[in-house]
Amino acid sequence: MKEILKNYGSIILLLIGITVGSLIGIFFPQMVDILKPIGDIFLNLLFVSVIPLLFFAISSSIANIEDSNKLGKTIGIMTSVFVVTIIIAAIATIAGLWAFPVTAISDGSAVNEALSTNADETWGDRIVRFLTVDEFANLLSRKNILAFVIFSLLVGTATRKSGEMGKQFTAFLNAGNKVMENLLILVMKAGPIGLGAYFAYQVKTLGPELFGFYAKPLGFYYAFGIIFFFVFFSIYAFIAKGTSGVSSFWKHNISPSLTAISTCSSLATLPANLIAANKIGIPKEISSIVIPIGNTLYKNGSSISSILKIYVAFSILGWDFFEPTTLLTAVGITVLVSMVAGGIPNGGFIGEMLMISIYGIPNEAVPSILIIGALVDPLATVLNATGDTVAAMLVTKFSGEKFNPEQAEA
């Protein structure tokens, strides 16, 4: 029993906190308004901590890679893993919808005004926002996280090119990375209380909306998503590290999964992912690059929801979703939505507008697309966030790097 408590004590406390929060959200909803500020404080602590963590983790990893060819190889393999597995998720979803077709009823009461949001903004403007900001201070906002990741990559690269002078700055980056790791471990000690409070809010607000007009497509998403989560991630972990990889991944993926479903935030889950990657034995020079970049650009859950949104829109309009050209276009849109729109502020909305404009979807089907995106968010976040860790395992495998010995729970 002492060994169990030592290895799984933090996870058990998280489960207790989330269970208590769920019960409060169901049976004592009037208490949620009192508890939500506690959850918000915890989330805010995570968000302000994760920005410097990203900078030190990415920059120090790049600075410590002496071979530039190794860095290019890691990024190339990472990109291939992201694209291929997102396409696999899209094709698997199409196959699932073909085997288990669902229908939806258009909800005419939904708000359509969103269609006019940023109507004057060109795609060129969006690309600029996608890659950069106009003031250094804006880099520190989590709304511009991709621009911040690119900046951190450039700082790490510049440090590598600075020779002897750069070694002093590398030492600073390494020290900062270690300090931020310990800070996040301290913040996560409040996880059972903070996540429990926030989960009570999630249950109260989102729970009742999972039924009604969208019960069937949502039922498909949650059933298929859970199967995808356990089956495909297990397959990826097996490819990366054999049977020990599967057990190691699931042993250390519990805390990130609970964090993701409680907060509905991939960014809030990033610290837990980095801790899990370290315990699994993923080399830091890989996990510190793949997981932060994947947090922005790698979205398995978004891939599945993108296909489902297009399918539901076609179902409402009576169009043939399984026509070959439509399917190829759907997969292409899904790659863009999952890897590009994820790095843009309000990227999910922009992705939805992209599919609407490409297919010429009439207004009556638009509310369904927007609402489904909101209602699948808890499971989508779990798939989006925890997929980064298994992607880092695959990058380790295909790059020829060795896994470090698995570490015990802290």
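Does Phe151 count as of a type in the set (A, V, I, L, M, F, W, C) and either closer than 19 Å to Leu297 by Cα or not in a helix (DSSP H, G or I) (or both)?
Taking the combined requirement at face value, the residue satisfies it.
Can you run down the residue pairs with Cβ atoms below 9 Å, 6 or more apart or on separate chains, where the first is in region 13-37 and without any contact (Cβ under 8 Å) to a residue 24 or more places away in the chain and open to solvent by 80 Å² or more (accessible area, probe 1.4 Å) and the partner is assigned to a helix (DSSP H, G or I) and of a type outside the set (A, V, I, L, M, F, W, C)?
Every condition considered, the pairs that remain are Asp33/Tyr201.
Would you check if there is a residue in region 193-209 being outside any helix (DSSP H, G or I), closer than 30 Å to Lys309 by Cα and touching a Ser or Thr at 6+ places or on another chain (Cβ under 6 Å)?
No, region 193-209 has no match at all.
Going by the structure shown, is Ile77 modelled with pLDDT under 90 and either in a helix (DSSP H, G or I) or not hydrophobic (A, V, I, L, M, F, W, C) (or both)? Break it down stepwise before answering.
Working: modelled with pLDDT under 90: no; either in a helix (DSSP H, G or I) or not hydrophobic (A, V, I, L, M, F, W, C) (or both): yes.
No, not satisfied.
With the condition kept exactly as written, say whether any residue in region 174-183 is modelled with pLDDT of 80 or more, closer than 19 Å to Ile275 by Cβ, in contact with a Ser or Thr (Cβ under 6 Å, 6 or more places away or on another chain) and buried (at least 18 other Cβ atoms within 10 Å of the Cβ).
Yes: one or more hits.
Give me the pairs: first residue in region 222-251 and under 20 Å from Asp377 (Cα atoms) and without any contact (Cβ under 8 Å) to a residue 40 or more places away in the chain, second residue open to solvent by less than 40 Å² (accessible area, probe 1.4 Å) and not hydroxyl-bearing (Ser, Thr, Tyr), beta-carbon distance under 9 Å, and six or more apart or on different chains, which are they?
Note: pairs meeting the criteria are Ala223/Gly96; Ile227/Gly96.
Which condition number in (1) open to solvent by less than 50 Å² (accessible area, probe 1.4 Å); (2) modelled with pLDDT under 95; (3) of a type outside the set (Phe, Trp, Tyr) is the one that Ala240 fails?
(2)
Within region 260-313, can you find the residues that are surrounded by fewer than 24 Cβ atoms within 10 Å (Cβ to Cβ), not in a helix (DSSP H, G or I) and not polar (S, T, N, Q)?
Correct list: Cys264, Gly281, Pro283.
One line per residue, one yes/no per condition, for (1) of a type in the set (Val, Ile, Thr); (2) at pLDDT 90 or above; (3) within 25 Å of Lys36 (Cβ to Cβ); (4) open to solvent by less than 10 Å² (accessible area, probe 1.4 Å):
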position	(1), (2), (3), (4)
Pro208	no, no, yes, no
Gly212	no, no, yes, no
Tyr222	no, yes, yes, no
Phe233	no, yes, no, yes
Gly245	no, yes, no, yes
Ile254	yes, yes, yes, no
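The values are calculated or read from the model by the stated rules, or taken from the named source; none is laboratory data. Keep in mind that what you see is a predicted model, and the values were worked out from it rather than measured. Ideal geometry is used to build each Cβ from the backbone, glycine not excepted, and the neighbour counts take in all protein chains shown. Please note that ligands, DNA and RNA were not included when accessible areas were found on the heavy atoms of the full protein model with its side chains. Shrake-Rupley method; radii C 1.70, N 1.55, O 1.52, S 1.80 Å.
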